[in-house]
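Any read-out appearing in this document is the output of simple, stated calculations on the displayed coordinates, not a laboratory observation. Because the structure is predicted, anything quoted here is derived from the model rather than measured. When we count neighbours, we look across all protein chains shown, and the Cβ atoms used for this are built from the backbone with ideal geometry, even at glycine.
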Amino acid sequence: MGKYIVKRVLLLIPTIFIICAIVFGLMRMVPGDAVDIIVNRMTQSGQTVDEAAIRARLGLDVPAVQQFFNWMGNVFRGDLGDSFFQYDSVWNIIKRQLPISLELGLITLILANLISIPLGLFCAARQDSIPDYAIRIIAVVLMAIPMFWLATLVLFYPAQWWGYAPPVVYVSFFQDPIANLQMFLVPAIMGALAQAGMQLRTVRTVVLDTMRQDYIRTAYAKGVKQRVILFKHAFRNAMIPVITIIGGSIAALVGGNVILENIFNIPGIGQQLVTALGQRDFPMVQGCVLIMSIFVMIVNLVIDVAYKWIDPRVTLD
């Protein structure tokens, strides 16, 4: 296993390089750049504008290829550059906002698993019953509803009918835990519902497949209680597909809540990414995507190693 982990870690280097090249190239293909926005703002305020000096100050006066390798050289030294608009380093900004996105993603993940796993096991135990059909229909509906539309309704109608709206001013958990959870709970539930719909169906499917195995029928024949069969035998042996889908959800903790962060005004890395895209803040966008990519690759590596821990028969090559 050690050789496998070392090999996967070494593969991170070319993968990161390719991701950086793709993101860098796509950003340069977008019409306009930060200089245009800065020049426009300075012109509107009546200031004298030297566009060439601004471009040189931001490092945009050299060919794109040279810009890329200059940036990559800084990245491998641990420097993600400075934001064009926030007068701070990209790394400092990410350090402030990454924990916020992780908190929202973690609450979403916990709620999704609390909903999907028990209901998935219940549906598997009551296959083709009325509750099974009802829960599966609800799961499909939750998967089909656009989350931005549902979140907008949740913001609009409670405020219209009852004068209530979720807090939109961020308060640190360590400063006021109650106010912090009040802000995060509603968007976390929105994200958990869509995620739970997909996970629920996966749990039901893999558990049903496991329940048809011979050793499960043997357990029933010996008089083992259904609860024990579901949790100790069926679910445990069906964990690999479930871990795979949960791993995908964990990988999305950093950047998977971009829409919810913007709708509920949560100052996480997702909201920062959208703002930076609108401003053509190249270092900020590149830094955010790089951190998200590294996080996803590390989570995928942990999930792959977890397969071996769950099922010793799995071989890692």
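Taking a ≥ b ≥ c as the square roots of the eigenvalues of the Cα gyration tensor, an a/c ratio of 1.5 or more together with a/b larger than b/c marks the stretch 58-184 as prolate.
Counting alpha carbon pairs within less than 8 Å and at least 6 residues apart, what relative contact order, in whole percent, applies to the stretch 214-300? With pairs under 8 Å counted, the relative contact order is 24 percent. For Lys3, which lysines qualify as cross-link partners when the Cα separation must be under 16 Å and same-chain residues fewer than eight apart are set aside? Within the straight-line cut-off, Lys3 pairs with Lys308.
By the combined test of axial Cα extent (at least 24 Å) and Kyte-Doolittle hydropathy (mean at least 1.0), the qualifying DSSP H helices of the chain come to 2-29, 90-125, 282-310.
Using 0.36 nm per residue and subtracting the Cα-Cα separation, the extra length available between Gln182 and Asp50 on full extension is 42.8 nm. The calculated FRET efficiency for Ile110 paired with Phe68, based on their beta-carbon distance and R0 = 51 Å, is about 0.80. The loop-placed trypsin sites (Lys or Arg not before Pro) in the stretch 153-251, going by DSSP, that have at most 15 neighbouring Cβ atoms within 10 Å of their Cβ come out as Arg212, Lys222, Lys225.
Of all stretches in the chain that contain no chymotrypsin sites (Phe, Trp or Tyr not before Pro) in a DSSP loop with at most 10 other Cβ atoms within 10 Å, the longest one is 175-317. Using only side-chain charges placed at the Cβ, +1 for Lys and Arg and -1 for Asp and Glu, the dipole size of the stretch 176-317 relative to its Cα centre rounds to 900 debye.
When the Cα positions of Phe122, Pro267, Phe85 are compared along the charge dipole of the chain, Phe122 comes out farthest toward the positive end, with charges on each C-beta of Lys, Arg, Asp and Glu.
Taking loop as defined by DSSP and a crowding limit of 10 other beta carbons within 10 Å, which trypsin sites (Lys or Arg not before Pro) in the stretch 14-113 fit? Passing both the DSSP loop test and the Cβ count: Arg77. For the chain, the relative contact order is 27 percent, taking Cα pairs closer than 8 Å that sit 6 or more residues apart in sequence and dividing their mean separation by the residue count.
With the charge dipole of the chain set up from +1 on Lys and Arg Cβ and -1 on Asp and Glu Cβ about the Cα centre, the Cα lying farthest toward the positive end among the listed residues Ala192, Ile178, Pro131 is that of Pro131. Run the reach check for Lys232 against aspartates and glutamates, Cα to Cα strictly under 18 Å, same-chain hits fewer than 8 apart removed. What comes back? Leaving aside aspartates and glutamates fewer than 8 places away in the same chain, those within reach of Lys232 are Asp209, Asp214, Asp311.
For the chain, the Cβ-based charge dipole about the Cα centre amounts to some 1500 debye (Lys, Arg positive; Asp, Glu negative; other atoms uncharged). Checking (1) 64, 43, 33; (2) 86, 60, 36; (3) 86, 61, 33 against Cα extents along the principal axes in Å calculated from these atoms, the matching label is (2).
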